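Trainee: The structure that follows is given in the form of structure tokens.
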Amino acid sequence: MSDKKPVFKPNKEFAKNAAIKNMCEYHELQDKAMEDYEGYWGDAAKEKIDWIEPFTNVLDESKAPFVKWFDGGKLNVAQQCIDRHLDTRKNKAAIIFEGDRGDVQTITYLDLYKNVNRFANLLKEDFGVKKGDRVVIYMPMIPEAAYAMLACARIGAIHSIVFGGFSAEALRDRIDDAEAKVVITADGAFRKEKPYMLKPVVDAALEGKTPVKKVLVVERNHEDVEWVAGRDYSYNELIKDKSAVCEAEVMDAEDPLFLLYTSGSTGKPKGVQHNSAGYILWAQMTMEWVFDVKENDTYWCTADVGWITGHTYIVYGPLAMGATTVMFEGVITFPDAGRPWAMVENHRINQFYTAPTAIRVLHKMGEEEPAKYDMSSLKVLGTVGEPIDPPAWKWYYEEVGQNKCAIVDTYWQTETGGHIVSPLPGATPIKPACATLPLPGIMAEILDPATGERAEVGETGYMCVTRPWPSQIRGVWGDEERYVKSYFGDVKKDGKPVYFTGDGAVYDEDGYITITGRTDDVINVSGHRMGTAEVEAAIKKHANVAEVAVVGKPHPLKGEGIFAYIVLKADEGVADEVEEVKAINNIIKKEIGNIALCDDMIFAPGLPKTRSGKIMRRILRSIAKGEAITQDISTLEDPSVVAKIETMVKG
Ligand code: WTA
């Protein structure tokens with residue numbers, strides 16, 4: 001595995017003023033954390049957070065893996081993101097919003113303060129939302145989505161954002177699991193200049209029994225939607241008479257801030273819980289270090305607030321540090337693949353953060369587009385969500401970054417709250433498609449799962465974090481056991497369970513970390529996490545389906561595509577394959593959403609199973625990839641099925 005990657009040194013001019021200027025500074029921080037872990041984090045928390053009351057204890061591991069950070073401390077995350085900036089930044093842009101149709105709105109920190117307070121008052125006064133209540137947010141990328149999040153934080157309600165691409169069923173599952181009493185949505189948004197509707201999905205999700213009492217609808221595209229009397233209310237109407245002053249709820253450091261549902265290898269998506277102080281601390285620190293945002297910079301992350309990247313690096317991180325964050329409603333390839341670069345020119349964007357899948361699409365559709373725009377403002381380019389392939393990296397570095405920007409390949413997950421392995425743009429010599437080194441304070445290590453020892457150079461091991469860190473997941477909502485089992489069951493170091501990410505990774509000769517991908521049954525489709533179990537459960541709802549196994553298959557644009565092997569019930573057979581595929585895809589659309597549609601479906605005569613009935617997914621993965629089968633298949637219940645499926649797939 002020693003195909004040496006070229007090394008790119010940090011830009012010297014840039015490094016002079018960077019938050020972390022060189023590797024000596026990096027190592028000093030890392031050493032301090034190693035020598036005095038609690039001192040390191042305690043100092044950071046004292047320096048970065050505006051506490052209402054100071055904490056009395058840094059880290060409580062007595063009930064590990066359930067941990068507490070900054071016990072006794074009191075704060076309010078909305079105040080950390082807004083109020084504390086008013087003295088020095090009230091007229092600075094907090095959010096620059098660009099709509100699908102090119103409409104631009106600049107929201108200053110003072111505007112944000114007023115809008116969030118009005119929103120908070122509305123939730124309290126009209127909807128009776130109280131501290132600890134769960135509020136589901138199903139919104140397009142409009143500023144009101146950020147106001148809604150911060151309004152919840154201000155009054156101590158726990159938000160749970162559901163990505164706008166999820167179906168009514170998926171939304172219902174998440175609402176029910178969180179027992180949310182309020183849903184905040186919009187009539188719809190604009191997408192490629194056409195209305196894209198959300199409210200009808202909410203209506204469908206709330207049919208029948210539901211814990212939801214009230215729905216707040218932001219009127220964005222002003223299309224006709226149904227209004228259920230006594231349940232649905234217009235934000236645009238209710239907000240008019242609300243006071244712009246709202247006292248912030250005093251929150252404990254460990255009070256929950258939000259839930260975000262994410263896919264695991266088994267069962268339904270789990271509600272990942274993040275709490276207040278630790279999360280906001282690391283969101284802010286990584287924002288400052290990894291993107292190196294300066295006072296007058298404009299930063300743009302293209303994610304959606306429905307994913308963790310949108311939470312930490314569109315809303316909480318940038319606002320906590322007092323930065324200007326861009327929010328974009330549209331599609332990055334509309335009206336053409338020059339859209340993001342036109343936005344870079346127009347807003348003079350300094351840091352740009354996106355996913356490899358977007359880079360591949362922009363590269364393919366508009367290789368020459370960056371050259372048509374003034375990209376000179378760019379300093380740092382970020383990537384996240386999946387391993388980036390070297391050709392995409394090269395284009396990003398050379399054409400988008402004009403050979404002068406640092407590329408930060410940020411590795412992290414919903415559960416880590418913020419980056420855990422990433423280059424620092426002024427310090428770390430970078431290598432293409434390599435997440436490089438753990439951030440200072442994060443004890444991220446690749447371990448050999450069998451021995452718990454550090455993996456040898458070139459040997460793929462398990463990406464773990466061996467000590468708790470402030471922004472780590474605090475629990476799976478309503479399921480303590482699942483939290484322990486999902487993250488602390490697989491790897492032990494010195495006999496103690498450590499946090500395992502679910503990813504494989506490998507060290508190179510410089511100790512740099514390259515992420516190799518998931519080791520479990522999670523597929524990464526266009527940077528979106530998808531559990532094979534969820535997709536299988538959806539397909540099984542089709543009356544003719546007897547058995548199904550879903551695996552990931554490399555896809556040139558999406559990173560991974562979804563490949564489904566389906567066994568139909570004996571007497572049904574495949575009358576009309578095209579119709580059957582359509583019907584199954586419709587079910588997936590209904591149960592999960594378009595993001596889970598299968599790229600390939602094979603109607604197989606059977607599945608490769610062990611004699612005890614376990615489906616051998618590894619074999620199916622190999623077949624999907626067109627690889628030779630190296631596993632021993634002689635012990636299968638019916639070895640002949642492998643050759644039959646192989647022939648079908650090749651055909
Ligand atoms: C993958 C997204 C390689 C990984 C922030 C992880 C990456 C999953 C990278 C989390 C990266 C994220 N290089 N793989 N830089 N960043 N991943 O929870 O498999 O949506 O476990 O969080 O994305 O996805 P999630």
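What follows draws every value from the coordinates through simple rules; no lab data is involved. Remember, it's a predicted structure, so these values are computed and weren't measured experimentally. Here the Cβ is made from the backbone with ideal geometry for all residues, glycine too, and neighbour counts use every protein chain on show.
Trainee: Which entries in the list 199/541; 364/589; 558/590; 12/431; 5/394; 194/394 go over 23 Å, if you measure between the two C-alpha atoms of each?
Mentor: Numbers: 199/541 25 Å; 364/589 27 Å; 558/590 21 Å; 12/431 17 Å; 5/394 12 Å; 194/394 34 Å.
Flagged as over cut-off: 199/541; 364/589; 194/394.
Trainee: Would you mind calculating the gained length between residue 204 and residue 629 on full extension (0.36 nm times residue separation, minus the Cα-Cα distance), in nm to one decimal?
Mentor: Details: separation 425, 0.36 × 425 = 153.00 nm, distance 4.50 nm.
My answer for the length gained is 148.5 nm.
Trainee: Report, by chain and number, residues whose modeled amide H sits under 5 Å from the one on residue 479, excluding near sequence neighbours (fewer than 5 apart, same chain).
Mentor: Result for residue 479 returns nothing.
Trainee: To the nearest 500 deg cm²/dmol, what mean residue ellipticity at 222 nm is calculated for the chain from DSSP H runs of n ≥ 4 alone, each contributing -39,500 (n - 2.57), summed and divided by the residues?
Mentor: Numbers: 20 runs with 188 residues, N = 651.
-8500 deg cm²/dmol, from helical runs alone.
Trainee: So if R0 is 45 Å, what FRET efficiency would residue 176 and residue 101 give, r being the distance between their Cβ atoms, rounded to the nearest 0.05?
Mentor: 0.80
Trainee: Nearest-5 percent of antiparallel DSSP beta bridges in the chain? Don't skip to the answer; put the middle values down first.
Mentor: Details: 62 of 102 bridges.
Taking every DSSP beta bridge within the chain, about 60 percent pair in antiparallel fashion.
Trainee: Kindly write out, for the range 327-332 in residue order, the coupling ³J(HN,Hα) from the Karplus curve 6.51 cos²θ - 1.76 cosθ + 1.60 (θ = phi - 60°), rounded to whole Hz, with x marking Gly and Pro.
Mentor: Using θ = phi - 60°, the values come out as 10, 10, 7, x, 10, 5 Hz.
Trainee: Now for a separate question. Regarding the chain, what whole-number volume in Å³ per residue does the convex hull of its Cα atoms give?
Mentor: 161
Trainee: Check residue 135: other-chain or 5+ apart residues with amide H under 5 Å from its amide H, H built from backbone geometry?
Mentor: The list, which skips near neighbours in sequence, is 158, 159, 160.
Trainee: Sticking with this structure for a sec: Could you list the residues of the range 477-504 with an amide nitrogen less than 11 Å from a label point located 7 Å from the Cα of residue 266 in the Cα-to-C-beta direction?
Mentor: The answer is 482, 485-486.
Trainee: Residues with amide H under 5 Å of residue 327's amide H, sequence separation 5 or more or different chain, H placed in the peptide plane at 1.01 Å from N; which?
Mentor: 96, 97, 98
Trainee: Between beta-carbons, use under 13 Å as the cut-off and find the net charge around residue 73, counting Lys and Arg +1, Asp and Glu -1.
Mentor: Net charge in that neighbourhood comes out at -3.
Trainee: Please state the relative contact order of the range 526-650 as a whole percent: Cα pairs under 8 Å, 6+ residues apart?
Mentor: So the answer I get is 23 percent.
Trainee: Please give, to one decimal in nm, the separation of the simple spin-label points placed at residue 610 and residue 24, each 7 Å out from Cα toward the Cβ.
Mentor: So the label points at residue 610 and residue 24 sit 5.6 nm apart.
Trainee: Name all residues of the range 462-480 having a backbone nitrogen under 18 Å from the label point set 7 Å from the Cα of residue 494 along its Cα→Cβ direction, giving them as ranges.
Mentor: Label zone hits: 464-469.
Trainee: Once the Cβ-Cβ distance between residue 125 and residue 226 is put in as r, and R0 is 30 Å, what FRET efficiency do you end up with, to the nearest 0.05?
Mentor: Calculated value: 0.75.
Trainee: Got the relative contact order for the chain handy, in percent, Cα pairs under 8 Å and 6 or more residues apart?
Mentor: 13
Trainee: Using θ = phi - 60° and the Karplus relation 6.51 cos²θ - 1.76 cosθ + 1.60, list the HN-Hα couplings for the range 253-260 in order, rounded to whole Hz, with x at every Gly or Pro.
Mentor: Coupling constants for the range 253-260: 3, 9, 5, x, 9, 7, 10, 9 Hz.
Trainee: Follow-up question, since we're still on this one. Karplus couplings for the range 317-325 from phi (6.51 cos²θ - 1.76 cosθ + 1.60, θ = phi - 60°), rounded to Hz, Gly and Pro as x?
Mentor: 3J(HN,Hα) across the range 317-325, in whole Hz: x, x, 6, 4, 8, x, 8, 9, 10.
Trainee: Label residue 376 and residue 50 with points 7 Å out from Cα along Cα→Cβ: what is the distance between them in nm?
Mentor: So the two model labels end up 3.7 nm from each other.
Trainee: Ok, one more. Apply 1/(1 + (r/R0)^6) to the Cβ-Cβ distance of residue 38 and residue 643, taking R0 = 56 Å, and write down the FRET efficiency to the nearest 0.05.
Mentor: 0.40
Trainee: Counting only DSSP beta bridges with both residues in the range 93-246, tell me the antiparallel percent, nearest 5.
Mentor: Close to 35 percent.
Trainee: Would you tally the net charge around residue 177, using a Cβ to Cβ cut-off of less than 13 Å, leaving residue 177 out, and scoring K and R as +1, D and E as -1?
Mentor: +1
Trainee: Using label points projected 7 Å from each Cα along Cα→Cβ, tell me how many nm separate residue 331 and residue 16, to one decimal.
Mentor: Computed distance between label sites residue 331 and residue 16 equals 4.5 nm.
Trainee: Give me the orientation-averaged projected area of the Cα convex hull of the range 544-651, in nm², one decimal. List each step's numbers first, then the result.
Mentor: Details: hull surface 29.3 nm².
Mean projected area for the range 544-651: 7.3 nm², to one decimal.
Trainee: Taking loop as defined by DSSP and a crowding limit of 14 other beta carbons within 10 Å, which trypsin sites (Lys or Arg not before Pro) in the range 225-278 fit?
Mentor: 231
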